[in-house]
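A quick write-up on the structure given underneath.
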Amino acid sequence: MGAEASRSAALAAQAAVQAVQAAAGLGAIVALRPATEGLIVREAAGSENWVLVARGGVGSVPGAAARERQADAQNVNCCKCDVIVEDVYADLVELSNCGHFMCTDCFREHVLATAPRPCCTFPFCECAIAEQDVRATLRPEELEAYTSAGVRNIADQFFQCPKCQRVFALDRDEHDARNAGRVRCVCQETFCADCRASPFHEGMTCEEMRSTHPCRFCKTRVICVSAVSPGNIVVCASQACQQEFRAICGKVRQDCGHPCGGLAEESSCPAECFACLGSEGKCGMCLFPLEESASVVLSCGHAMHVNCVRRRFEAEKSAERASLTFSRCPVCKTDMAHPEALESEFLAINELRSSIQGVLDEARGRASPEEALLEDDAYTLFYCERCRRPYYGGMRQCEESGGAAHHDAENHQHHYCASCTCTLQQVPVCPEHGPGSMQFKCSFCCTPASFFCWGTTHFCIDCHARQMAGERLNRLPLSGLPQCGGAQVCPLGLNHPPNGTPPSQSAPIVLGCSMCQARRAFM
């Protein structure tokens, strides 16, 4: 019987089944196949009673299925290859769940190819092939392969997150081929369950993923026509990555074959390969792997990304507060240096470091013996908004107990060094003693100031003691502070804004050089 004839018979069978169910009051029919007299159907799975639908009537076919097979032995076709089987008992397998026949070779081939869930191949029949049919027909080695396929199928339904190692099952979306294997773990890591790529290759199949390689620097997938060897560096077309590529050494290391991740300007490659270190070799600043960007080993022996060193210096140049921290290795706290690489950057870093150190040394020279013994971070330094030079802005303990954060946030303070303050007030700086000797009026009374706090505010000895005791003079209304009536009654002989006026509304008042005034007082 040809394939077209089989399809015609199947269509006729559907109509016959409906007729059988209506005329004979049968239940669900689970098997049907053509016979010499017409159509034979079986009502219940596993039953030996068949119903014959002949031309012109419906009748019962008593007896076991073996008698029916014997009557139609010369007209039985394999439902897979459609070949008429001559020896029913030797070369034919009857499927227990539906009653269709398959020749032994087709059965073995089909079961192994569709393991672990083989189904009948007869048109419109979706019955699963019974386990007993499989075990009775397959050879021992074939049965072992069939069982192994079932185990693999179960194992393939469970996956392990490459980040947190959690194990869970995957409910695949077979209608979306590009995202069928996409898995998002509870730790927010995404990966592919098929090719194990992490993160998941969005918008690409696994095959497309295998034909691309990640950019060495930004990890964007780049299509590579030829295979990429371990010594090649894959770079995308972005300007930032191309600039990074020009800066990196890239020479193939003799010890491991990886491209060198050091700088091109270095005379020799670093002792250790950053690619071999993998996740263990991390930048001391950003803590990301060193192999992700061009890196440099500092004189102290710690490795940093070149861009991290540059970004740190650029951030310091635009910062509000000055500190030596930017110029120190974040791991060992020693000054960062390199004998060859980043010459211009380290030259600028050393220049700014020397400037900050000079301000600290001058502040220690003017401090009390107890304060002079304190660490660098006990002093607050600011960058002048006008000249960008660092200047001393008071002790940190004044900030912590004096409400400076509240004062600055409400009044939007501007930070100016003594030299720029004098320039803005059109007061000449003492040419003999310099801007560090210039004296200012207390911000809260009519007395010369002895303390400078928060980088903006001047205190006399009494007002500073009251502030540190918790009175918070910077939060009092102007009426709560002593006020003078002008130059005629002011102890300083000055016309000035009300005491307590925020520095954002009134610039500090310069009284002159304290050294020159002291010298005149003793003459």
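The values are calculated or read from the model by the stated rules, or taken from the named source; none is laboratory data. Small disclaimer: the values here were computed from a predicted structure and weren't measured. Every residue, glycine among them, receives a Cβ derived from its backbone with ideal geometry; neighbour counts consider all protein chains shown. To get the accessible areas, we keep the full protein, side chains included, count just its heavy atoms, and leave off ligands, DNA and RNA. Shrake-Rupley method; radii C 1.70, N 1.55, O 1.52, S 1.80 Å.
Scaled to the compact-protein estimate 2.2 N^0.38 Å, what is the alpha-carbon radius of gyration of the stretch 210-305, rounded to two decimal places? Working shown, then result.
Values: Rg = 13.1 Å, N = 96, 2.2 N^0.38 = 12.5 Å.
For the stretch 210-305, the normalised Cα radius of gyration comes out at 1.05.
Got a number for carbon plus sulfur as a percent of the stretch 92-153's accessible area, 1.4 Å probe? Each step should come with its number before you reach the end.
On the way: 1630 of 3130 Å².
With neighbouring chains kept in place, the figure for the stretch 92-153 is 52 percent.
When the chain is fully extended, how far beyond the present Cα-Cα distance does T114 get from T212, taking 0.36 nm per residue of separation?
32.1 nm
How much of L290 can a 1.4 Å solvent probe reach, expressed as accessible area in Å² and rounded to 10?
Number for this one is 10 Å².
How about the stretch 306-362: which GluC sites (Glu not before Pro) there are in a DSSP loop, with at most 13 other Cβ atoms within 10 Å of their Cβ?
E320, E340
When the Karplus curve 6.51 cos²θ - 1.76 cosθ + 1.60 is applied with θ = phi - 60°, which whole-Hz ³J(HN,Hα) does each residue of the stretch 461-469 get, with x for Gly and Pro?
Ordered by residue, 3J(HN,Hα) equals 4, 5, 5, 5, 5, 5, 4, 5, 7 Hz.
For the stretch 210-305, which whole percent of the accessible surface, found with a 1.4 angstrom probe, sits on carbon and sulfur atoms? Could you put the intermediate results ahead of the total?
Details: 2840 of 5260 Å².
Ligands and nucleic acids excluded, carbon and sulfur give 54 percent.
Report, ordered by chain and residue number, the lysines lying within cross-link reach of K317, taken as a straight Cα distance under 23 Å and ignoring same-chain residues fewer than 8 apart.
K333
Treating cross-link reach as a plain straight distance, find the lysines whose alpha-carbon is under 26 Å from the alpha-carbon of K163, omitting any fewer than eight places away in the same chain.
Leaving aside lysines fewer than 8 places away in the same chain, those within reach of K163 are K219, K282.
For the stretch 254-389, what is the accessible area per residue in Å², given a 1.4 Å probe and the full set of protein chains?
53
Quick one: which residues, 5+ away or cross-chain, put their amide H under 5 Å from the amide H of I509? H built at 1.01 Å from N.
Long-range HN contacts for I509: K441.
Within the stretch 272-367, which trypsin sites (Lys or Arg not before Pro) sit in a loop by DSSP and count at most 16 neighbouring Cβ atoms inside 10 Å?
K333
Order M304, M204 by their accessible area, 1.4 angstrom probe, all chains in place, largest first.
Highest to lowest solvent-accessible surface, that is M204, M304.
Probe radius 1.4 Å, ligands and nucleic acids ignored: give me the carbon and sulfur share of the accessible area of the stretch 346-493 as a rounded percent.
The computed percentage sits at 53.
Can you give me the C-alpha center-to-center distance between the stretch 330-407 and the stretch 116-133, rounded to a whole angstrom?
Using only Cα atoms to place each centre, the spacing works out to 81 Å.
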